[in-house]
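Peer 1: My questions will all concern the structure given below.
The values are calculated or read from the model by the stated rules, or taken from the named source; none is laboratory data. These numbers come from a predicted model, not from an experiment. Every residue, glycine as well, gets a Cβ built from its backbone with ideal geometry; the counts of neighbours run over all protein chains shown.
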Ligand code: HEM
């Protein structure tokens, strides 16, 4: 037999064996489309300074289900409602843990918290604890008066700050933090100070914002593990320094709580401390876990709510017709002699629509929090490799022109009867607007976050007319974003609040 024939037979035989093997192992699916990666660093250079913007632009070219390679990590990006639904509903069980990252290791007590804990019994215990004490229907009702008191205090301070412009985000942050800590640890942590504001509070907000910026940074060591020890960008070093500050702050809170004279605490920290000696299998909590949980609540629960409120008031200032319409609703339901209460909220459909529209355009975690694929799976005919990081571009989904008419316009009416999204809610069931995520790892503090943003937005819109610092024209208000893990305004909102209710409303 000639050499040619032998070669031909070999090729045919090899092809048949290959086809047979493929038939046995099943068809191999392609990865979702995406930009071609560079050697070693992969697509890291494609992400840009604002990854939610960069990824949204890429999705225009490659579609709403994308594959990227960041260093040595497969990253899957969901950028439409139907793709997000696949991951957070159909395949949610497979995506119920978070990928390893330096933030969890160096700032969240090495995964001993709730936000980054792997899905499992420890995560369940921590989630249940926070839910029972802070977010359940009963906990929410029990602590209504605390939130109202804090919002009332903020309102009187604002009413007396006539000549000086106020940095709204800062003062609202004092309010959200104190409202939260009164439930968490039984007391306020910041004073109102001489001018109504505590310098310690500014420092604390700066710490939370820094934590979000560091957690949102694309840390090379997370994607190229061999380079972790080098800490090329210095991110890990900054995380360790910040962690020391937070740890001292939290240790101090726990010590003060233990030494407090108040006989019987009703707060979440008391329950957590009582679980320190609990049975090992029935939910014992260590000192570290307690601090990690407190840290989660401070980090996830304060700035998210205050920045969303700052965005809401910014939109209302920029859109005076909408502010007027909201004030008309508030005046007719609440009147002008008292402040809004939480009991009023259910009677304020226009407010509800304003808050939904704010969460749509300004979701406080634009790429949500990442998840990891525990096993490989198939989505819309594509192969999703085991161990891939999932990013859901919540920001881009809520601006998708296929879902929303004039998506960049602030138009609360779209959520009202007769509007394009009249029956859509923002609580993880309608995937075109999921500011709190969805599925098993949906935001644990959704009910509380939503309630406080509604109460604050309603109260600030009802109690004041707003003027921008230095008489700036509202149309010129800068609405640019600064990126961290959470979405801050690039230029903080600086305003003069002008009281519009009868004086007695501000002293209550
Ligand atoms: C404006 C308000 C808020 C927004 C937009 C928001 C958004 C989010 C998002 C997108 C996630 C990730 C969900 C996912 O993986 O699908 C999350 C998780 C979380 N949030 Fe929020 N959040 C807010 C307020 C709060 C508050 C007030 C608290 C607590 C006091 C809180 C505590 C948490 C915790 C503990 C997690 C982790 C849950 C887990 O991994 O099981 N959040 N949040």
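Peer 1: So is residue 147 part of a helix (DSSP H, G or I) and closer than 20 Å to residue 339 by Cα or not?
Peer 2: In short, yes.
Peer 1: Right, something else. Out of all the residues in the stretch 160-186, which are away from the ligand (no atom under 16 Å from the Cβ) and outside any helix (DSSP H, G or I)?
Peer 2: 160, 161, 162, 163, 164, 165, 166, 167
Peer 1: If you don't mind, another one. If you go through the stretch 403-456, how many residues are closer than 23 Å to residue 172 by Cα and within 16 Å of the ligand (Cβ to nearest atom)?
Peer 2: We begin by selecting, within the stretch 403-456, every residue closer than 23 Å to residue 172 by Cα; these are 410, 412, 426, 435-436, 443-456.
The next check asks that each one be within 16 Å of the ligand (Cβ to nearest atom); those that pass are 426, 435-436, 443-456.
Summing the residues that are closer than 23 Å to residue 172 by Cα and within 16 Å of the ligand (Cβ to nearest atom) in the stretch 403-456 gives 17.
Peer 1: When you scan the stretch 323-334, do you find a residue that is assigned to a helix (DSSP H, G or I) and within 16 Å of the ligand (Cβ to nearest atom), even just one?
Peer 2: From the stretch 323-334, those assigned to a helix (DSSP H, G or I) are 323-334; that's our starting set.
If we keep only those that are within 16 Å of the ligand (Cβ to nearest atom) as well, we get none.
No - not one qualifying residue is present in the stretch 323-334.
Peer 1: When you go through 100, 33, 45 one by one, which is the residue that is part of a loop (DSSP other than H, G, I, E, B) and away from the ligand (no atom under 16 Å from the Cβ)?
Peer 2: Matching residue, one of 100, 33, 45: 33.
Peer 1: Something else about it: In the stretch 48-65, which residue that is under 20 Å from the mean Cα position of the chain (by Cα) and part of a loop (DSSP other than H, G, I, E, B) is surrounded by the most Cβ atoms within 10 Å (Cβ to Cβ)?
Peer 2: Among residues in the stretch 48-65 that are under 20 Å from the mean Cα position of the chain (by Cα) and part of a loop (DSSP other than H, G, I, E, B), the one surrounded by the most Cβ atoms within 10 Å (Cβ to Cβ) is 50.
Peer 1: Say whether the condition of being surrounded by 21 or more Cβ atoms within 10 Å (Cβ to Cβ), assigned to a loop (DSSP other than H, G, I, E, B) and touching a residue at least 24 places away in the same chain (Cβ under 8 Å) is met by at least one residue in the stretch 412-426.
Peer 2: Scanning the stretch 412-426 turns up at least one residue that is surrounded by 21 or more Cβ atoms within 10 Å (Cβ to Cβ), assigned to a loop (DSSP other than H, G, I, E, B) and touching a residue at least 24 places away in the same chain (Cβ under 8 Å).
Peer 1: Can you spot a residue in the stretch 278-296 that is touching a helix residue (DSSP H, G or I) at 6+ places or on another chain (Cβ under 7 Å), surrounded by fewer than 22 Cβ atoms within 10 Å (Cβ to Cβ), on the phi < 0 side of the Ramachandran plot and free of Cβ contacts under 8 Å to residues at least 12 places away in the same chain?
Peer 2: Yes, there is a match, as at least one residue in the stretch 278-296 is touching a helix residue (DSSP H, G or I) at 6+ places or on another chain (Cβ under 7 Å), surrounded by fewer than 22 Cβ atoms within 10 Å (Cβ to Cβ), on the phi < 0 side of the Ramachandran plot and free of Cβ contacts under 8 Å to residues at least 12 places away in the same chain.
Peer 1: Which residues, taken from the stretch 86-119, are in contact (Cβ under 8 Å) with a residue 12 or more places away in the chain and at positive phi?
Peer 2: 109
Peer 1: Just one of (1) at pLDDT below 90; (2) out of contact with any helix residue (DSSP H, G or I) (no Cβ under 7 Å at 6 or more places or on another chain); (3) over 30 Å from residue 491 (Cβ atoms) trips up residue 163, so point out which.
Peer 2: Result: residue 163 fails condition (3) only.
Peer 1: Follow-up question, since we're still on this one. Within the stretch 293-310, how many residues are modelled with pLDDT of 95 or more and more than 9 Å from the ligand (Cβ to nearest atom)?
Peer 2: 1
Peer 1: Of all residues in the stretch 345-374, which are away from the ligand (no atom under 16 Å from the Cβ) and within 26 Å of the chain's Cα centre (by Cα)?
Peer 2: 346, 348, 349, 350, 353
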